[in-house]
Amino acid sequence: MSRSIVLKSLIGFLGIGTIVIIILQLTAKKEVEEFLRNKIPQHIQLDYEKISANILTGSVLIEELNITVANRRDTLVHTRVKADYLEIEGLNHWHFLFDKTFDINSLIIRRPMVKYFSDNKSKRSENDTLGVVKLLKTIMIDQIEIENGSFYILKGAVDSLLLESHQINFTLNEFKTDPNIIKRKIPFEHEAYTFSANDSFVDLDSFETLKIKSINVQNNNVAINDIQLKSKYKKEDSSKHLERERDHVTLEIPKLDIGGLGFGFSLNKFYLLSDEIVFTSPKLEVFRDKRLADDTVDKKMYSKLIKNLPIDIKVPKIEFTEAHVGYEEQINDHGIPGRLFIDHINASILGLDTKAAKGDSTQLKVKGLLVGNAPISLDYMFDVTNEYDEFLVKGRVSSLQAAELNSFLRPNLNVEAEGNVDEMYFTISGDSHTSSGDMKMRYENFRFDLLRKDGKRVDKILTAIGNLFVNNGEKNNDDGFRFGEIKAERNIDKSFFNYLWLGIKSGIVSTLTGDGKKEKK
């Protein structure tokens, strides 16, 4: 065959190929539009301003995108999406035409705004296998990118805001779903991902809101900055909106780090895993108005609360560094609330596991400064598998000037304290009903002054009678300690810390008024 024939044949093939490409390019847009019109499920509506496609690069650009998603059964719209554009790059035509696979290099969504109307979404039953959509093809995307998005959850007829988040940026690698995967609780598979968002807001309930300045997720490590959980009402006004006691909470967490985050579903139950969680300089202030009726709901022990969580959690270590906790109680209409606080708290929760093996313990270790000056430590241990909610608490307080507690004792117990507690140790063991233990104290010139009803003047007669039964710290053992016995019964509609305080209080009374000797066991 002569060279001229070969050359002519080659030119002919190239010419035909060029014509084919031109024809395909001219029809590409129409084919994409036809696909979007006929292959998208009926409960999803897609509108756009402009669409373009490139057959050579396998790219599709859809501009000014609008999507509405309705329930399949009642066509009520529950999700609306607007975006500047959606861009697909690197579509594999061979897989698309012959392998029933939608295989692309990247999917980019620019400035999407998603609004989800929670009241409009029909509930999905456990036996519902319809999934998000019914797929006929496998979808594989090397990388999904969302740029500068925003997200809203709205509730009620007036579209009350439940959640919002802004400047959302998200990447997801090796995305895959298919007709079977789409029916799962998490309807896709993936590899590495990154996520960031700013200025998030959550309306938690009728009384509290949550604000988060920024969230950043990278390689399963999460950094959250400036968390604020606050009441919707001022402390002095909150009781006007309550019928029963409820904590007025102000929580500020400058930084929260979560390492090795993992999550998913196992046997239809959601699980959350982490190697370590660190709270940096959290500050918690709690106010309770005791003038209101008691909240008589059964307060479960922490072991039972953890065991009965609706999700599975496993975190070997949770740390709190340089924390602060303050607590106030308003007892009556007179005077300021009684207040206690602990500063410079460094604490750890070890072995938090809802599915812990029998005998494995969860431990809380706390060190701080009571009323800003007195070193305090607490070790609290329990087993989530124990059917009796058994626990063990060991604590120590030292260098406490009793007068520093008067801001709490005066309005709450109508007493003032004097003297110094050099050291106090206690050990309490118990279950969900009763607790017992022992205490030892070394103190100097300790006494109580009982106040009159006005809370301002000392009732000298009652004080004198009361202090007849209080040892001032002189009759001690060789090391300067007096010993007492701890006994307490739990009030099931009070918190665990109330239960703990009842035990400590009984130990203080026993130590101050008893013979001070250590019981032989």
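The values are calculated or read from the model by the stated rules, or taken from the named source; none is laboratory data. This is a predicted model, so every value here is computed, not measured. In this analysis, Cβ positions are derived from the backbone assuming ideal geometry, glycine residues included, and neighbour counts consider all displayed protein chains.
In table form, for the structure just shown:
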| quantity | calculated |
| --- | --- |
| Flag if Glu322 is surrounded by fewer than 16 Cβ atoms within 10 Å (Cβ to Cβ) and part of a strand (DSSP E or B) | yes |
| Selection count, segment 175-214, where residues are charged (D, E, K, R), crowded, with 16+ Cβ neighbours inside 10 Å and in a strand (DSSP E or B) | 2 |
| Filter result for Leu161 (within 18 Å of Tyr116 (Cα to Cα), without any contact (Cβ under 8 Å) to a residue 60 or more places away in the chain, assigned to a strand (DSSP E or B) and touching an Asp or Glu at 6+ places or on another chain (Cβ under 8 Å)) | yes |
| Check on Ile311, under 23 Å from the mean Cα position of the chain (by Cα), assigned by TED's automatic domain parsing to the domain that holds Thr280, at pLDDT 95 or above and farther than 21 Å from Ile508 by Cα | no |
| Matching residues, segment 375-396, being modelled with pLDDT under 95 and hydrophobic (A, V, I, L, M, F, W, C) | Val384 |
| Cβ-Cβ under 9 Å pairs, at least 6 apart or on other chains, segment 59-81 side outside the structural domain of Ile153 (by TED's automatic domain parsing), far side among the aliphatic types (A, V, I, L, M) and part of a strand (DSSP E or B) | none |
| In segment 129-153, residue modelled with the lowest pLDDT [restricted to those that are outside any strand (DSSP E or B) and under 29 Å from the mean Cα position of the chain (by Cα)] | Gly131 |
| Which listed residue, of Asp493, Asp431, Asp438, Asp449, is modelled with pLDDT of 85 or more, among the acidic types (Asp, Glu) and crowded, with 17+ Cβ neighbours inside 10 Å | Asp438 |
| Residues (in contact with a Gly (Cβ under 6 Å, 6 or more places away or on another chain) and part of a loop (DSSP other than H, G, I, E, B)) located in segment 479-521 | Gly514 |
| Gly351 vs. criteria out of contact with any Phe, Trp or Tyr (no Cβ under 7 Å at 6 or more places or on another chain), of a type in the set (Gly, Ala, Ser) and either more than 24 Å from Ile492 (Cβ to Cβ) or not assigned by TED's automatic domain parsing to the domain that holds Lys255 (or both) | yes |
| Residue count, segment 164-197 (criterion: farther than 22 Å from Val217 by Cβ and without any contact (Cβ under 8 Å) to a residue 24 or more places away in the chain) | 2 |
| Looking only at segment 344-366, and only at residues there that are of a type in the set (D, E, K, R) and within 23 Å of the chain's Cα centre (by Cα), the one that is surrounded by the most Cβ atoms within 10 Å (Cβ to Cβ) | Asp353 |
| Within segment 265-313, strands (runs of 3 or more DSSP E) holding 2 or more residues that are in contact with a Ser or Thr (Cβ under 6 Å, 6 or more places away or on another chain) and of a type outside the set (A, V, I, L, M, F, W, C) | 283-289 |
| The listed residue being surrounded by fewer than 16 Cβ atoms within 10 Å (Cβ to Cβ) and more than 16 Å from the chain's Cα centre (by Cα), out of Gly156, Gly262 | Gly156 |
| First in segment 492-521 and under 14 Å from Lys440 (Cβ atoms), second anywhere and surrounded by 16 or more Cβ atoms within 10 Å (Cβ to Cβ) and basic (Lys, Arg), Cβ under 6 Å, 6 or more apart | Thr511/Arg482; Gly516/Arg482 |
| Lone unmet requirement of (1) surrounded by 19 or more Cβ atoms within 10 Å (Cβ to Cβ); (2) assigned by TED's automatic domain parsing to the domain that holds Lys494; (3) of a type in the set (Phe, Trp, Tyr) for Phe382 | (2) |
